[in-house]
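Here is the structure we will look at, set down as structure tokens.
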């Protein structure tokens, strides 16, 4: 999935999230519109040049292309390994205001077998950590870490590769240093629980946040600062045997996400013991969806933008991306 400088495409937006993005562009939030958008992505010419795997949502893996081909099979035929999001979203963490936990372990073993029979070869589970006054609590960090580890163990039992996604949100006014501290604590807890559950590090992918200033912070760290803080954090916490690290974009603009990834490889590429790549959603899809606007006549241009932004990140994996806005 991560070979040849490729990344992963996160097209696993839940129905409410997908509808919100459609509505923001004045596109009717219907199943037909969601399907049209997903078909546009899957059939984009040249997408497999920069994408090695695509994360699907439950609705998506049950949908087909216009010719009746299941989307998961179509992706595989195009050379893109299909995967599936298997968590059941977040709910409030009891007795901890402002913090959440991710639901979904109940019945997971059975669901994994169904998804595998439908063509999925890997999975994803997202946990969310908030930074704020007194947050995160130890309970929130460890509860989410334990659930991620249980999920990963179930997946490896089913011969599926788990993507473990502990996301420290960039919402808030925290500093780069505070994000680094929290991300370090979260990753330490996650790998401790993974070890205790007997998860094979070589058979999993970590999908972390980059270390960033909070969106509301008065001081925004520069590209080089983010690259240094992120690589330092990962080298301190992620075992060298992990199969790969694929960043989420977490609300960054397409340019920001690409420039940060590029700087990490440009300045620290020789230090990295694991493949370090991207697993973006909005950071590669946003320009394409803006151009598409729900109109079939705009499909070709939207697909061109999708592959363009994907390939920018493939170049960034080599530390060779040139900022076109500079």
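Things worth noting here:
- Percentage relative contact order, the stretch 15-143, counting C-alpha pairs under 8 Å, at least six apart: 19 percent
- Of all DSSP-defined beta bridges confined to the stretch 87-280, some 20% are antiparallel rather than parallel.
- Equivalent ellipsoid, the stretch 181-326 (semi-axes from 5 times Cα gyration tensor eigenvalues, Å): 29, 18, 15
- Extending 7 Å from Cα along the Cβ direction at residue 17 and again at residue 49 yields two label points whose distance is 2.8 nm.
- Global form of the stretch 87-280, assessed from the alpha-carbon gyration tensor, a/c cut-off 1.5: oblate
- Helical content alone sets the calculated 222 nm signal of the chain at -14000 deg cm²/dmol, taking -39,500 (n - 2.57) per DSSP H segment of four or more residues and averaging over every residue.
- Relative to its residue count, the chain spans a Cα convex hull of 130 Å³ per residue.
- Mean separation of Cα pairs under 8 Å and 6 or more residues apart, divided by the residue count, gives the chain a relative contact order of 17 percent.
- Segment residue 114-residue 181, extension gain: residue separation times 0.36 nm, minus the distance between their alpha carbons: 20.2 nm
- When the chain is treated as a GNM with alpha-carbon contacts under 10 Å, the residue of 232, 307, 17 showing the greatest mean-square fluctuation is 17.
- Extension gain from residue 24 to residue 197, taking 0.36 nm per residue of separation minus the Cα-Cα distance: 58.1 nm
- Between the alpha-carbon centres of the stretch 106-141 and the stretch 83-99 there is a gap of 8 Å.
- Backbone N under 18 Å from the residue 90 label point (7 Å along Cα→Cβ), restricted to the stretch 219-238: none
- Among 152-161, 97-106, 286-295, 257-266, the order from most to least packed when residues are scored by Cβ within 10 Å on average: 257-266, 152-161, 286-295, 97-106
- Measuring between their Cα centroids, the stretch 1-46 and the stretch 257-307 lie 13 Å from each other.
- Residue of 30, 299, 277 that the Gaussian network model of the chain assigns the largest fluctuation, springs spanning Cα pairs under 10 Å: 30
- DSSP assigns beta bridges within the chain; of those with both partners inside it, close to 15 percent run antiparallel.
- The mean sequence distance of close C-alpha pairs (under 8 Å, at least 6 residues apart), as a share of the length of the stretch 1-85, puts its relative contact order at 36 percent.
- Gain on full extension, evaluated as 0.36 nm per residue between residue 76 and residue 224 minus their Cα-Cα distance, stands at 49.6 nm.
Where a number appears in this text, it was derived from the coordinates with a stated rule and is not lab data. Values in this document were obtained by computation on a predicted structure and should not be read as measured data. Because the Cβ atoms are built from the backbone with ideal geometry, glycine has one as well, and the counts that use them run over all protein chains shown.
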